[in-house]
1. Just name the residue that is surrounded by the most Cβ atoms within 10 Å (Cβ to Cβ) out of those in the range 195-213 that are touching a residue at least 24 places away in the same chain (Cβ under 8 Å) and outside any helix (DSSP H, G or I).
2. Looking only at helices (runs of 4 or more DSSP H) that lie completely in the range 1-67, which have at least 2 residues being touching a helix residue (DSSP H, G or I) at 6+ places or on another chain (Cβ under 6 Å) and either surrounded by 13 or more Cβ atoms within 10 Å (Cβ to Cβ) or at pLDDT below 90 (or both)?
3. For the condition farther than 28 Å from Ala39 by Cα and loosely packed, with under 14 Cβ neighbours inside 10 Å, what is the one hit in Ala220, Ala192, Ala174, Ala167?
4. Can you find even one residue in the range 160-182 that is without any contact (Cβ under 8 Å) to a residue 12 or more places away in the chain, more than 30 Å from Asn16 (Cα to Cα) and in contact with a Ser or Thr (Cβ under 8 Å, 6 or more places away or on another chain)?
5. If you scan the range 165-177, which residues turn out to be assigned to a helix (DSSP H, G or I) and more than 20 Å from the chain's Cα centre (by Cα)?
6. Just the residues that are hydrophobic (A, V, I, L, M, F, W, C), part of a helix (DSSP H, G or I) and surrounded by fewer than 16 Cβ atoms within 10 Å (Cβ to Cβ), please, taken from the range 153-164.
7. Got a sec? Which of Leu201, Leu195, Leu211 is farther than 13 Å from Gly151 by Cα and not assigned by TED's automatic domain parsing to the domain that holds Pro33?
8. Mind counting the residues in the range 181-198 that are within 16 Å of the chain's Cα centre (by Cα) and small (Gly, Ala, Ser)?
Amino acid sequence: MSRSHDPDAVTHLLANVASYYALSDTDRKDEAPTYLRSALRFVAAICGPEMISNAYGELELAEDDAQDGNRGAALEALSERLWLCFHLFQGVEQPGSGHAIADAANEAYLIANGDKPSLFAPIGGKQGRRGKAYALALNKVRALEWDEYLGAVGTTLQERRDRIVAAYGISLDAFAKWKSEVSRHLGSDAVAYRLQVAGRLARAGQPLGLLGETPESDGAAYRKQLGYG
């Protein structure tokens, strides 16, 4: 693992922060997540890959271990990683509120050690919603975000629609119905906001995803969720 870090990242980070505080009060509220995402990428570049990798930690799950044992180890690792994220928001976190990163970190650790979920217990029934309607809606809205994002960077309508339907394995007619479908599950305001953010990211020259996602990788995840591999 390389120990090097990006010396230019400090300059980019300071410029990013200065640009944010140059915005109006209203715009700062709207744009804060976009600017913070960018700032965190610069912080990671400043720290260098070795620090990031060592702090994140490794998790080796043996194939012959019981599934529950693997899940327990994974949840404990997730808990530790969430505690790292907690420090970013420590000044505004409200532990115990049910919507804090600290609450999620605690719950992951407790579940890993045998407790029943509380914060993450299914809502509206012991078994939760049947099927994967909400999860599929999230995957579908991602396709809509890609349509917005690619359009904002100058991709023609036909080019981006052809790419998206090929990635998701659907028809153009099916894609045309997705906005109304996902709005029923996520709400029209939430869908509109997600598309607005996708356009902002494109115009700011920032990636849509945090992990180098593409329409193809997101489409593959959608098909896998449907059981198509």
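The values are calculated or read from the model by the stated rules, or taken from the named source; none is laboratory data. In this text, all values refer to a predicted model and were calculated from it rather than measured experimentally. A quick note on method: Cβ atoms are made from the backbone with ideal geometry, for glycine too, and the neighbour counts reach across all protein chains shown.
1. Ranking the candidates gives Leu208 first.
2. On the way: elements: 9-21, 25-47, 49-56.
In the range 1-67, the matching helices (runs of 4 or more DSSP H) lie at 9-21, 25-47.
3. Working: Ala220 fails: loosely packed, with under 14 Cβ neighbours inside 10 Å; Ala192 fails: farther than 28 Å from Ala39 by Cα; Ala167 fails: loosely packed, with under 14 Cβ neighbours inside 10 Å.
The match here is Ala174.
4. There is at least one residue in the range 160-182 that is without any contact (Cβ under 8 Å) to a residue 12 or more places away in the chain, more than 30 Å from Asn16 (Cα to Cα) and in contact with a Ser or Thr (Cβ under 8 Å, 6 or more places away or on another chain).
5. As a first pass, look at the range 165-177 and keep what is assigned to a helix (DSSP H, G or I): 165-168, 172-177.
Residues satisfying the conditions are Val165, Ala166, Leu172, Asp173, Ala174, Phe175, Ala176, Lys177.
6. Of the residues in the range 153-164, the ones hydrophobic (A, V, I, L, M, F, W, C) are 153, 157, 164.
Narrowing the set further to residues that are part of a helix (DSSP H, G or I) leaves 157, 164.
Leu157 - this is the single residue of the range 153-164 that is hydrophobic (A, V, I, L, M, F, W, C), part of a helix (DSSP H, G or I) and surrounded by fewer than 16 Cβ atoms within 10 Å (Cβ to Cβ).
7. On the way: Leu201 fails: farther than 13 Å from Gly151 by Cα; Leu195 fails: farther than 13 Å from Gly151 by Cα.
The conditions single out Leu211.
8. Summing the residues that are within 16 Å of the chain's Cα centre (by Cα) and small (Gly, Ala, Ser) in the range 181-198 gives 2.
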